[in-house]
Amino acid sequence: MYLVELYLEELSKVRDKKTIERIFYQLSKLEELKPLDQRSLFEFYEYLRKTQSHRTAIQTLQEIKRFYQWLSQKGYHYEFSEQAFRELKKKKEFENKARKYFTEEEVEKILSYIRTKPKPFVYYLLCVVLLSSGLRISEALSLKRDDFKERSLITEKGEERSVFVVKVKGKFAKEREVPLVLWRREWYEVIRKQLDSLKEGQAFFTYSLRFPKSVKLLTLSRDAVYRFFYDLSKELGMNVHPHRFRYTYAVWLAMKNIPPNVLKEFLGHSSVRTTLEIYAQAQKEKVLDLIANL
């Protein structure tokens with residue numbers, strides 16, 4: 001944009017070359033000059049967060065704010081919501097200033113990549129179970145066919161639906177029951193098909209490799225899983241650590257207003273304090289979504 005070039009040319013008289021390059025990169029995120037009212041600024045922040053940390057996104061918005069102030073001095077008036085910017089700056093994030101949970105778009109990206117690339121289907125199944133149960137990776141890999149029970153429930157609309165519940169042996173050998181929250185209806189058939197293919201007592205994440213003259217049965221190991229997610233992270237250019245599925249399950253349920261004490265039992269937390277931290281994160285996300293949609 002011509003005005004960006006003019007702005008940078010003026011800045012270059014008082015700023016060093018490296019700083020100008022940084023500002024140019026930040027302003028390049030603004031693909032067109034447009035008013036950034038409250039809603040637009042929140043939407044733009046979410047766009048930035050797809051590739052930037054909270055801190056970096058705020059720095060980018062700060063530089064755009066300075067640019068808009070310069071434009072105003074030159075007679076070009078574009079709105080920049082100070083109120084929305086203040087709200088975004090107050091937004092507190094957890095460790096490393098980064099969002100721990102996956103967005104729906106990121107989940108779709110991960111699952112689609114696994115399905116379309118020559119990856120064993122068992123890894124797709126693992127992602128579905130992790131996202132639907134919030135289990136720790138050690139808990140998930142210890143599941144057997146017999147740990148799955150199917151129950152029938154009546155919905156508020158009077159419809160009968162089947163729900164899978166898994167029996168989990170968590171930390172310190174403490175057992176709990178966790179319902180599988182199948183965020184997509186097709187996942188029910190994925191679980192059902194796997195269960196039908198297994199024998200009693202068989203590990204749930206058992207899969208077969210076909211060779212020209214034989215078929216070999218294998219069971220997912222912890223080392224294989226971590227290697228897979230390490231490689232997947234590099235291929236997708238994003239952090240796909242398996243624990244993020246657990247955090248996603250927790251945040252998504254909290255955003256559906258599942259009570260903290262219930263969520264605590266599902267997750268197997270020893271202290272409700274840990275659950276409340278996740279719940280607080282989810283409530284902040286809901287508030288931002290609400291403000292953005294006003």
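Of everything in segment 180-205 that is in contact with a strand residue (DSSP E or B) (Cβ under 8 Å, 6 or more places away or on another chain) and assigned to a loop (DSSP other than H, G, I, E, B), the residue that is surrounded by the fewest Cβ atoms within 10 Å (Cβ to Cβ) is Gly201. The residue list Glu235, Glu160, Glu189 contains one member that is over 30 Å from Pro118 (Cβ atoms) and charged (D, E, K, R), which is Glu160.
Of all helices (runs of 4 or more DSSP H) completely enclosed by segment 1-84, which ones contain at least 3 residues that are within 28 Å of the chain's Cα centre (by Cα) and closer than 26 Å to Glu106 by Cα?
Values: elements: 2-11, 17-28, 38-49, 54-73.
Counting at least 3 such residues, we get 17-28, 38-49, 54-73.
Among residues of segment 94-118 that are closer than 21 Å to Phe228 by Cβ and at pLDDT 95 or above, none has a beta-carbon under 8 Å from a residue that is open to solvent by 70 Å² or more (accessible area, probe 1.4 Å) and among the hydrophobic types (A, V, I, L, M, F, W, C) at least six positions away or on a different chain. Pairs linking a residue in segment 230-241 that is open to solvent by less than 90 Å² (accessible area, probe 1.4 Å) to a residue that is β-branched (Val, Ile, Thr), with Cβ atoms under 9 Å and 6 or more positions apart or on different chains, are Leu232/Ile110; Leu232/Ile114; Leu232/Val240; Ser233/Val240; Leu236/Ile110; Met238/Ile110; Val240/Ile110.
Can you name the residue in segment 9-65 that is of a type in the set (Val, Ile, Thr) and either surrounded by 14 or more Cβ atoms within 10 Å (Cβ to Cβ) or modelled with pLDDT under 90 (or both) and, of all such residues, is farthest from Tyr76 (Cα to Cα)? Quick ask: steps written out before the conclusion?
Here is the first cut: in segment 9-65, the ones of a type in the set (Val, Ile, Thr) are 14, 19-20, 23, 51, 56, 58, 60, 64.
Applying the additional criterion that residues be either surrounded by 14 or more Cβ atoms within 10 Å (Cβ to Cβ) or modelled with pLDDT under 90 (or both) yields 14, 20, 23, 51, 56, 58, 60, 64.
Numbers: Val14: 23, Ile20: 22, Ile23: 20, Thr51: 29, Thr56: 26, Ile58: 23, Thr60: 20, Ile64: 14 Å.
Looking at the filtered set, the residue picked out is Thr51.
Residue count for segment 206-223 satisfying the condition of being open to solvent by 100 Å² or more (accessible area, probe 1.4 Å) and of a type outside the set (Asp, Glu): 7.
The values are calculated or read from the model by the stated rules, or taken from the named source; none is laboratory data. Fair warning: this is a prediction, and the values are worked out from it, not measured in the lab. Note that each Cβ is placed from the backbone with ideal geometry, even for glycine, and that neighbours are counted across all protein chains shown. Just so you know, the surface numbers come from the protein's heavy atoms only, side chains and all, with ligands and any DNA or RNA stripped out. Shrake-Rupley method; radii C 1.70, N 1.55, O 1.52, S 1.80 Å.
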